[in-house]
1. Determine whether region 109-125 contains at least one residue that is without any contact (Cβ under 8 Å) to a residue 40 or more places away in the chain, assigned to a helix (DSSP H, G or I) and under 20 Å from residue 92 (Cα atoms).
2. Write out, first by first residue and then by second, each pair whose Cβ atoms fall under 8 Å of each other, whose residues are 6+ apart or on separate chains, and whose first residue, in region 176-197, is closer than 22 Å to residue 141 by Cβ while the second is of a type in the set (Lys, Arg) and crowded, with 20+ Cβ neighbours inside 10 Å.
3. Out of contact with any His (no Cβ under 6 Å at 6 or more places or on another chain), assigned to a helix (DSSP H, G or I), of a type in the set (A, V, I, L, M) and buried (at least 20 other Cβ atoms within 10 Å of the Cβ): does that describe residue 184?
4. Taking residue 124 as meeting all but one of (1) modelled with pLDDT of 95 or more; (2) closer than 20 Å to residue 85 by Cβ; (3) touching a helix residue (DSSP H, G or I) at 6+ places or on another chain (Cβ under 8 Å), write down the number of the exception.
5. Looking only at region 153-181, count every residue that is surrounded by 13 or more Cβ atoms within 10 Å (Cβ to Cβ), farther than 26 Å from residue 83 by Cβ and among the β-branched types (Val, Ile, Thr) and tell me the total.
6. Among the residues that make up region 170-184, is at least one of them touching an Asp or Glu at 6+ places or on another chain (Cβ under 8 Å) and at pLDDT 95 or above?
7. Out of 47, 106, 59, 113, I need the residue that is more than 22 Å from residue 176 (Cα to Cα), surrounded by fewer than 19 Cβ atoms within 10 Å (Cβ to Cβ) and at pLDDT 85 or above. Which one?
8. Give the residues of region 74-118 that are more than 25 Å from residue 133 (Cβ to Cβ) and of a type in the set (A, V, I, L, M), sorted by residue number.
Amino acid sequence: MLSEARHPLPGRIALTAAAAGAALSLSACGLPLLPPAFSNDGVDSSPVAEPEPTETGEPTQAPEPEPTGTPEPTVDPEDQDVNVLVVGDCLNEMEVGYDDSVSTVPIIDCSEPHDLEVYHGGSLDSGLDYPGEDEVVALVNEGCHEAFEAFVGIPAEESVLNLQTLFPMEEGWAAGEREYLCLVGQFDERTTGSLEGSGL
């Protein structure tokens, strides 16, 4: 069942991705490798018989091989500004900039195989001066971990799922941005539908 919660989070500019409680560094741990969509091109790789000659000596056309299996539908995600991302959206692997910033996200319908689902959104204390990235990560992770159990059904520490966060960078913070998003997905495969109540 798809999540019906869709709460817009206004006014975000560049956001930073984090996984497993630490800001991502492309030169260090980088993004977790998310699997490509499983696909089946539907073509039988068995050899094709040579055409038989007809009575006139002309070779006949060999019949086309029958597709095997059921090919999975391919739906290209739509790249959109990260600011439009809301709770209940699903997306595929994000392109992360050299400074760990995320400006666009490939949003896809949750009924299609996807890498991540936005399960929670929150806001940090608007009165705080920028406390540094480590403190922002700690505050965001606290909010995401609290919401995780209510969404998935078990504590984040016991889950096999991949937890990621999006939060304002220092420039966004200076502009008054405080909203963050919590995302969840599977490490070894894409999800179809929602992970809500999955207990994974």
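1. Initial filter on region 109-125 (without any contact (Cβ under 8 Å) to a residue 40 or more places away in the chain): 109.
Among the residues that remain, those that are also assigned to a helix (DSSP H, G or I) are: none.
Checked region 109-125: no residue is without any contact (Cβ under 8 Å) to a residue 40 or more places away in the chain, assigned to a helix (DSSP H, G or I) and under 20 Å from residue 92 (Cα atoms).
2. 177/12; 179/12
3. Numbers: out of contact with any His (no Cβ under 6 Å at 6 or more places or on another chain): yes; assigned to a helix (DSSP H, G or I): no; of a type in the set (A, V, I, L, M): yes; buried (at least 20 other Cβ atoms within 10 Å of the Cβ): yes.
For residue 184, the condition - out of contact with any His (no Cβ under 6 Å at 6 or more places or on another chain), assigned to a helix (DSSP H, G or I), of a type in the set (A, V, I, L, M) and buried (at least 20 other Cβ atoms within 10 Å of the Cβ) - is not met.
4. That leaves (1) as the condition not met.
5. Residues that pass the stated criteria total 1.
6. Checking region 170-184: at least one residue is touching an Asp or Glu at 6+ places or on another chain (Cβ under 8 Å) and at pLDDT 95 or above.
7. 106
8. If the condition is that a residue be more than 25 Å from residue 133 (Cβ to Cβ) and of a type in the set (A, V, I, L, M), then 75, 107, 108 are the ones that fit.
The values are calculated or read from the model by the stated rules, or taken from the named source; none is laboratory data. From a predicted model like this one, the values you see are computed outputs, not experimental measurements. No Cβ is skipped: glycine too gets one built from the backbone with ideal geometry, and neighbour counts run over all protein chains shown.
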